[in-house]
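A short reminder: the numbers here are calculations on the coordinates, not readings from a lab. Given the structure is predicted, the values throughout are model-derived calculations rather than measurements. For neighbour counting, all protein chains shown are included, and Cβ atoms are generated from backbone atoms with ideal geometry for every residue, glycine included.
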Amino acid sequence: MAKLLWLNWSGGGNLPPSLGIARALTERGHSVAFAGRPEMVARVKDAGFRAIELAQSYAQVDRYPASPVTRMSCYLTSPAVGEEIRATIEAELPDAILIDAMFPAALEAASEYDVPSAVFFHHFFFRLQEQWRGTGARLNAMREQAGFAPLPALEELWKRHDRIIVTTLAQFDEPADSQWTSVYHVGPVLEDEKCAAPATLPWDVNDPTPLILVSFSTAPEQRSFEKLQRGLDALADLPVHVVATTAGVVDPQELSIPQNAVALEWAAHDPILRQASLLITHGGHGTLMRSLTHGVPAIVIPGLAHDQAPNGAMLQEWGAGIALPGDADAAAIRSAAQTILSTPSYKETAARLSLLLTDVDGACAAADHIELLEVGGCHA
């Protein structure tokens with residue numbers, strides 16, 4: 001049995017697939033502990049895993065420049081977090097270390113130890129190389145503005161580790177780059193957290209009225225009240241049923257909900273998507289993969305994260321959805337919804353793509369790769 005330490009960035013779509021992989025590893029007899037920011041702790045404990053709170057997550061936040069991502073940048077890059085991660089590794093003595101790709105402080109600290117390690121991408125890897133470089137540069141710039149020396153570039157940090165595990169299909173992540181010999185695609189990991197329970201909807205399951213799911217990011221940094229409201233307003237006069245999920249970052253009572261809609265704080269998306277004709281979303285990787293698994297086309301209205309607009313463009317290029325700008329108004333959303341609902345090719349394309357995802361078990365495949373790491377001791 002291996003003792004595994006996961007250095008976690010719990011933003012948006014990163015934590016659920018990490019928990020799914022941890023579950024697969026636990027079922028094989030391994031132990032997994034997650035170390036991360038305070039917001040992570042309750043979610044990890046609810047999933048049944050040990051959580052280590054990094055108490056220094058925001059200790060140096062006052063030095064970082066003010067922006068919507070100040071706290072996130074401090075957590076991901078600050079020297080205080082790096083030092084606490086080193087102390088955690090030395091206290092835990094793990095057999096292997098698992099690190100989220102967008103966590104520079106953890107990537108650097110973990111590379112200093114003679115312990116097998118894997119980097120996790122719960123996004124596209126090759127498709128987003130330019131965006132990854134931009135995000136790494138922005139994080140480093142904020143660290144420098146806080147008065148700290150820059151970290152190495154993200155690409156350099158990734159290459160210090162034994163394996164790069166990408167939780168998407170290789171067919172979706174093109175064009176590939178042959179220089180990255182340590183990259184392994186395992187397929188999506190579509191884990192639900194306990195808060196995402198099946199919801200009882202007010203409509204008969206045999207009602208032929210098209211059902212539309214409206215769901216944006218679960219990350220507090222990407223609070224999406226305005227987008228949720230515009231989505232509801234756009235669909236209010238259409239002959240459709242609408243389910244909006246707010247994921248704890250928006251109180252449903254803040255919203256003006258039309259008669260053809262319900263707003264739920266949490267709900268499992270799979271049962272809804274099995275009935276749905278359309279998804280309106282921010283375009284996070286996990287949400288899009290879940291939608292495609294069920295053969296449901298999507299409208300993508302991106303938020304702050306660097307992957308969302310390219311994901312929307314990809315979906316539109318494939319013919320399985322429509323990409324709108326982040327500030328798309330209700331009229332644009334309504335028009336896109338009408339186009340998709342009245343054009344069979346969108347549903348047909350999404351259904352074809354769903355065949356590629358049939359029987360894909362990304363969690364099991366990722367666990368296989370982790371078990372292939374050469375387990376060693378923890379030596380500074």
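With r defined as the distance between the Cβ atoms of Glu53 and Thr343 and R0 fixed at 45 Å, what FRET efficiency is calculated, to the nearest 0.05?
E(calc), rounded to 0.05, equals 0.40.
I need the fraction of alpha carbon pairs in segment 109-172 separated by more than 12 Å, rounded to a whole percent.
Values: 1471 of 2016 pairs.
So the portion of pairs separated by more than 12 Å is 73 percent.
With a Förster radius of 22 Å, plug the Cβ-Cβ distance of Ser335 and Trp203 into 1/(1 + (r/R0)^6) and report the FRET value to the nearest 0.05. Here the calculated transfer efficiency is 0.35. Each residue of segment 69-83 was assigned a 3J(HN,Hα) from its phi angle through the Karplus curve 6.51 cos²θ - 1.76 cosθ + 1.60 (θ = phi - 60°); the sequence is 10, 4, 5, 4, 5, 4, 4, 6, 10, 6, x, 4, 5, x, 5 Hz, with glycine and proline shown as x. Between the listed residues His161, Trp132, Ile21, the Cα displaced farthest toward the positive end of the dipole of the chain, a dipole computed from Cβ unit charges relative to the Cα centre, is found at Trp132.
Of (1) 28.5; (2) 16.5; (3) 17.9, which one was derived for mean projected area of the Cα convex hull in nm² from the structure shown? Among (1) 28.5; (2) 16.5; (3) 17.9, the one calculated here is (3).
Per the Kirkwood definition applied to all pairs of different Cα atoms, how many angstroms is the hydrodynamic radius of segment 211-356? Intermediate results must be reported in sequence, preceding the final value.
On the way: mean 1/r = 0.0681 Å⁻¹.
About 14.7 Å for segment 211-356.
Computed from Cα positions, the angle between helix 225-235 and the longest principal axis of the chain comes to roughly 30 degrees. Each residue of segment 208-214 was assigned a 3J(HN,Hα) from its phi angle through the Karplus curve 6.51 cos²θ - 1.76 cosθ + 1.60 (θ = phi - 60°); the sequence is x, 4, x, 9, 10, 9, 10 Hz, with glycine and proline shown as x. Each residue, Asp62 and Lys3, gets one label point 7 Å from its Cα in the Cβ direction; the gap between the two is 3.7 nm. Of all aspartates and glutamates in the structure, those lying under 12 Å Cα to Cα from Lys227, and not within fewer than 8 positions of it along the same chain, are Asp327, Asp329.
Relative to the longest principal axis of the Cα atoms of the chain, the long axis of helix 129-145 lies at roughly 60 degrees.
Return a whole-number percent for the relative contact order of the chain, with Cα pairs under 8 Å and 6 or more residues apart as the contact set. Before the final figure, lay out the partial values.
Details: 750 pairs, mean separation 64.8, N = 380.
Computed over the chain, the figure is 17 percent.
Could you work out the relative contact order of segment 132-183, using alpha carbon pairs under 8 angstrom and six or more residues apart, expressed as a whole percent? Don't skip to the answer; put the middle values down first.
Details: 21 pairs, mean separation 15.3, N = 52.
Over segment 132-183, the number comes to 29 percent.
Here the calculated FRET efficiency for Ile257 and Ala313, from their Cβ-Cβ distance with R0 = 41 Å, stands at 0.85, rounded to the nearest 0.05. Report, to the nearest 10°, how far helix 330-342 tilts away from the longest principal axis of the Cα atoms in the chain, using its own Cα long axis and a range of 0 to 90°. Helix 330-342 and the main axis of the chain meet at about 80 degrees.
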